[in-house]
Amino acid sequence: MTVARRGQANPITVVILVAVTIALALGVYSFFQAQAGQIQRERLLINIVSDTASSIDTDIIGWAYDDSASPTIVCYYIDIMNLSDTTRKYTVTVLPLRQQSNGLYVPTGDISLVPVDQDTPGDGVNTYYFSIEDSNGDGLLDVIGSGGSTIYLDSIPPCQDWRGNPSLTAGLQAIAINPSSILMSMGPPSLSELALSYASVNLQKQIPALEIQLDPKAITTLLIVVAVDDWDQTGEILPPPPFIHLVVLAEFEGNYYLATAFKLPPEIG
């Protein structure tokens, strides 16, 4: 009869121990690989958001509003500049936001109407975008809408003329973004979550946003028309939103992150 020596491991035990060691090693490797991937993703997101914020600037060259009838109409004339040395695509929208002391932007109650009336059964769009440029080289500025079509030639109409104006629907083509996909910092919370918690507004409808591609050092001029219109309250005259911002979003992995925001008039509160 053969007797195993004391201290000598059974071959099966050795195999099990080796398998366990390999499994643990693979587990540790996978864990650190996942951690490294997450760190790399976060670093890439930070770079995209910061590059977007640092490459864009705006100049409000004029604004006007008219509240003599319903709805109140607000018009912004804004230069948007690409400060970088590369061609960039920016995604911009208009949102009623208030910046907290910690830097986080949170929606105000006006987000129930701007940029979209959230309560009406219709589409409820209340924000429209146009380009202002000299399209025919005659030295006079024109209002340009979708497909490069001229809405107004050699003139920019007074702000009140946009009230009920069918030309609003010929504005520049906007994209629709789910409010749960708009993140107000490098991660949650989303615009929809903050609207519910801070303004008690349930964002049911998508947010219209404009995509702008600019060559290096290029400038484009936008006319943004905001109708402060509660579609279900005919004849009600509402004031201009006091905390409205032009928001620049950076797209990453299907979400849109707030890169920077520019306060628009009126300066109230």
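The values are calculated or read from the model by the stated rules, or taken from the named source; none is laboratory data. Everything numeric here is computed off the predicted structure, so don't read it as measured data. Backbone-built Cβ (ideal geometry, glycine too); neighbour counts: all protein chains shown. The accessibility values were calculated without ligands, DNA or RNA, using every heavy atom of the protein model including side chains. Shrake-Rupley method; radii C 1.70, N 1.55, O 1.52, S 1.80 Å.
The table for this structure:
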item	result
Pair list, Cβ < 8 Å and 6+ apart or interchain, from segment 157-168 residues that are closer than 14 Å to V226 by Cβ to residues that are among the acidic types (D, E) and at pLDDT 95 or above	C159/D66; Q160/D66; R163/D66
Qualifying residue in segment 64-72 (condition: of a type outside the set (K, R), at pLDDT 95 or above and part of a helix (DSSP H, G or I))	no
Residue under evaluation G235, criteria (1) at negative phi; (2) over 18 Å from the mean Cα position of the chain (by Cα), criterion not met	(1)
Residue match in segment 127-140 (condition: modelled with pLDDT of 95 or more and not in a strand (DSSP E or B))	no
Pairs, first more than 16 Å from P179 (Cα to Cα) in segment 100-111, second not in a helix (DSSP H, G or I), C-beta under 8 Å, six or more apart	Q100/V106; L104/M184; L104/S185
Tally, over segment 144-156, of residues that are modelled with pLDDT of 95 or more and not in a loop (DSSP other than H, G, I, E, B)	5
Some residue of segment 61-79 being under 26 Å from E253 (Cβ atoms) and touching a residue at least 40 places away in the same chain (Cβ under 8 Å)	no
Residue within segment 157-169 that is among the aliphatic types (A, V, I, L, M), in a strand (DSSP E or B) and open to solvent by less than 30 Å² (accessible area, probe 1.4 Å) present	no
Filtered residue count, segment 173-187, keeping only those that are surrounded by fewer than 20 Cβ atoms within 10 Å (Cβ to Cβ) and modelled with pLDDT of 95 or more	7
Residue count, segment 116-151 (criterion: open to solvent by 60 Å² or more (accessible area, probe 1.4 Å) and hydroxyl-bearing (S, T, Y))	1
